[in-house]
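Have a look at the structure below, then the notes.
The values are calculated or read from the model by the stated rules, or taken from the named source; none is laboratory data. Being a predicted model, the structure only gives us computed values, none of them experimental. Here the Cβ is made from the backbone with ideal geometry for all residues, glycine too, and neighbour counts use every protein chain on show. Surface accessibility is based on the protein's heavy atoms, side chains included, excluding ligands, DNA and RNA. Shrake-Rupley method; radii C 1.70, N 1.55, O 1.52, S 1.80 Å.
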Amino acid sequence: MLARVKSSAVVGVDATVVDVEVDISPGLPAFSTVGLPEAAVRESRERVRAAIENSGYDYPEDRITVNLAPADLKKEGSGFDLPIAVALLAAAGMIPADRLEGLLVLGELSLDGAVKPVRGSLPMAMAARQTGVRAVAVPERNAAESAVVEGVDVLPVGHLSVLVEHLRNGGGIEPARVDLARMFGAPAPGGVDFAEVRGQEHVKRALEVACAGGHNVLMIGPPGSGKTMLARRIPTLLPELSFDEALSTTKVHSVAGRLAADQSLVTIRPFRSPHHTISDAGLIGGGVHPRPGEVSLAHHGVLFLDELPEFKKHVLEVLRQPLEDGEVTIARAAVSLTYPASFMLVAAMNPCPCGYLNDPRHECKCPPFSIRRYRSRVSGPLMDRLDIHVEVPAVAYKDLSAAADGESSAAIRERVTLARKTQAQRFSAQPFTTNARMANRHVKKFCPIDPTGENILKTAVDRLGLSARAYHRVLKIARTIADLAGEKDILAPHIAEAVQYRSLERG
C-alpha cells in the first residue's frame with residue numbers, strides 16, 4: 001500500500017517542499033530510503049521503528065520503500081523522521097490517507113516517540129504556504145517561529161502518538177498563535193543606552209552619521225577609550241526592524257538553529273562580535289553541511305570586529321563580497337548557496353601595537369616599521385570599504401566625573417529614523433534604501449554639491465590622495481550629513497565634516 005505526505009528541506013535560507021512517499025509491499029522485512037538521503041536521513045529507519053513501537057503501534061514486518069522527491073535534491077538532517085513515520089502508519093492503514101491531504105509534517109523523533117525540534121522551520125512554513133498547504137505539523141519548540149506565517153495552521157506536536165490520534169479523530173491539537181504587535185513592542189534586552197557614555201561627543205556624532213546612512217565604521221584609539229562600549233550601543237541608534245526585515249533575519253537564525261524555544265521573531269537588530277581567532281568559514285559561512293556565518297547572523301544588524309588587525313588577513317579579505325553585495329555565495333562542488341548579509345560593519349583597532357601612539361598620558365615605544373606592519377594587516381581595499389574612520393581618544397577625567405548624562409539613544413534614534421525615511425523616499429525606485437548602498441552612478445545623480453563644497457572636496461582629494469572609492473565614500477557621508485540636517489543639497493559644511501571622518505587619510 002502507498003501513502004504520501006509533504007515535508008520540506010532547507011536550501012540556503014529558503015525551503016522547498018518534499019514529497020515523502022512510503023510503499024509497503026509483501027516480501028522479506030527491509031527498509032530502504034531513496035532520493036539522495038544523507039547519513040542522518042538514512043539512519044531514520046532505526047528511530048522511526050523504535051518510535052512507532054514505543055508509541056504503542058504495530059510496525060509492519062514487510063518490505064518498506066521510502067522515496068523523497070524530488071530525487072535530485074540532496075536531503076539532509078533529521079527532520080524527515082516524523083513525516084516518514086506518519087506516512088508509514090498511513091500506508092499500514094492506521095491513519096486515514098485522506099487526512100494527509102494539505103498537511104506538511106516535519107520533526108525529529110526520539111526512540112520513545114517524542115518529537116524534537118529541527119532547524120529552519122520558519123522557511124519551511126513559508127514554503128508550505130506558497131504551495132497551498134493548509135496546515136503544518138511541527139515540533140512544539142518550533143511552533144512559535146512557524147506561527148508567524150499567516151495563512152497556514154501551525155500544529156505543535158510533542159509526541160508521535162498525539163499527531164496520530166489527531167489525524168485519526170481530529171481536533172486533538174489546537175493551532176499555535178502569536179501576538180506580533182506585542183513582540184515588536186517588547187523592550188530591548190540588556191538596557192544599554194548612549195546616555196551612559198561619558199565624553200566622546202565627536203565619536204557619538206560620527207556613529208549617528210554612520211547609523212543614519214548605514215555606513216561602515218572604523219574606530220581607532222588606545223585601550224580603555226570606550227570603543228567596545230560605543231559599539232555595543234550602536235544597535236540602540238538604528239531604526240526598529242520592519243516586519244519584512246525581522247522575517248528575513250529570523251530565517252537566517254532559524255536555519256542556523258539560533259532561535260530560543262519561545263522566540264517567534266528576531267525583533268531586535270542583531271549584534272554579532274566574533275573573536276579574532278574565527279575562521280573564514282565561521283565568519284562567512286560554510287562547512288561540510290553549509291551553515292550561515294557571522295556575517296549572515298548579523299543580517300540587518302551590526303557586525304563588530306574588535307582588534308581588527310588581529311584577525312587573519314585571509315579571513316578579513318572574504319568580507320569584500322558581502323560588504324559590496326549585501327549577500328554571500330558559498331560554492332561547493334555539489335551545490336552553491338547564497339545567504340543574505342546586509343549588515344553594518346563596525347571595527348575597532350589600536351593606533352599601534354602597544355596602543356598608545358599619540359596618547360598624551362602614555363609613551364609609545366613602537367618603532368615606525370612596527371606601526372606600518374601592524375596597520376598593513378588590514379588591506380587597502382578593505383580599508384576603503386570602511387566609510388568612516390574616527391579617532392577615539394582616552395576619556396578625560398572631567399568627562400568621567402561629569403554628573404549629567406549624555407544624550408539618550410532614543411533621542412538620537414529619532415533623528416536617525418527621520419534621515420532613513422528621507423533616504424527611503426529618495427531611493428523609492430532603487431533596489432536599496434540607504435546612502436551607503438549607492439553605486440557610483442547613483443552618487444553622481446543624488447549627491448549634487450555647491451561650488452564651495454566642490455572646492456573643499458578637490459583640495460581634500462589633492463592633499464590626502466584619496467582613492468576613487470574614498471572620494472565616493474566622502475560624498476555618500478556628506479549626503480547623509482545633509483539628510484540629518486534636513487538639507488536637500490550638499491553644502492560646504494557637510495563636505496568639510498565628511499572629510500574629517502577619513503582620519504587615516506589625514507594621517
| query | So which residues in segment 338-361 are touching a Gly at 6+ places or on another chain (Cβ under 9 Å) and among the aromatic types (Phe, Trp, Tyr), if there are any at all? | reply | Tyr339, Phe343
| task | Scan segment 325-338 and give yes if some residue there is charged (D, E, K, R), in contact with a helix residue (DSSP H, G or I) (Cβ under 7 Å, 6 or more places away or on another chain) and open to solvent by 50 Å² or more (accessible area, probe 1.4 Å), otherwise no. | result | no
| field | Matching helices (runs of 4 or more DSSP H) fully within segment 1-119 where at least 2 residues are modelled with pLDDT under 95 | value | 39-42, 44-54
| query | Identify, please: which residue in segment 450-486 is polar (S, T, N, Q) and touching a helix residue (DSSP H, G or I) at 6+ places or on another chain (Cβ under 7 Å) and is, among those, modelled with the highest pLDDT? | reply | Thr480
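Every residue, every condition in (1) closer than 23 Å to Leu466 by Cα; (2) assigned to a loop (DSSP other than H, G, I, E, B); (3) not aromatic (Phe, Trp, Tyr), yes or no:
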residue: His289; (1), (2), (3): no, yes, yes
residue: Thr329; (1), (2), (3): no, no, yes
residue: Cys364; (1), (2), (3): no, yes, yes
residue: Arg373; (1), (2), (3): yes, no, yes
residue: Arg377; (1), (2), (3): yes, yes, yes
| task | Check Ser428, Ser408 and return the single one that is within 26 Å of Glu240 (Cβ to Cβ), within 28 Å of the chain's Cα centre (by Cα) and surrounded by 12 or more Cβ atoms within 10 Å (Cβ to Cβ). | result | Ser408
| note | Selection from segment 71-93 of residues of a type outside the set (D, E, K, R), surrounded by fewer than 24 Cβ atoms within 10 Å (Cβ to Cβ) and under 29 Å from the mean Cα position of the chain (by Cα) yields Leu73, Gly77, Ser78
| query | Which pairs have Cβ atoms under 7 Å, sit 6 or more apart or on different chains, and link a residue in segment 1-20 that is in contact (Cβ under 8 Å) with a residue 24 or more places away in the chain to one that is surrounded by fewer than 18 Cβ atoms within 10 Å (Cβ to Cβ) and outside any strand (DSSP E or B)? | reply | Met1/Gly93; Ala3/Ala97; Ala9/Leu73; Thr16/Leu73; Val17/Thr131
| request: Go through the residues of segment 224-244 one by one and say whether even a single one is without any contact (Cβ under 8 Å) to a residue 12 or more places away in the chain, assigned to a loop (DSSP other than H, G, I, E, B), surrounded by fewer than 22 Cβ atoms within 10 Å (Cβ to Cβ) and out of contact with any strand residue (DSSP E or B) (no Cβ under 7 Å at 6 or more places or on another chain). | output: yes
| note | Checked Thr65, Thr33 against criteria (within 13 Å of Arg4 (Cα to Cα) and hydroxyl-bearing (Ser, Thr, Tyr)); the one match is Thr65
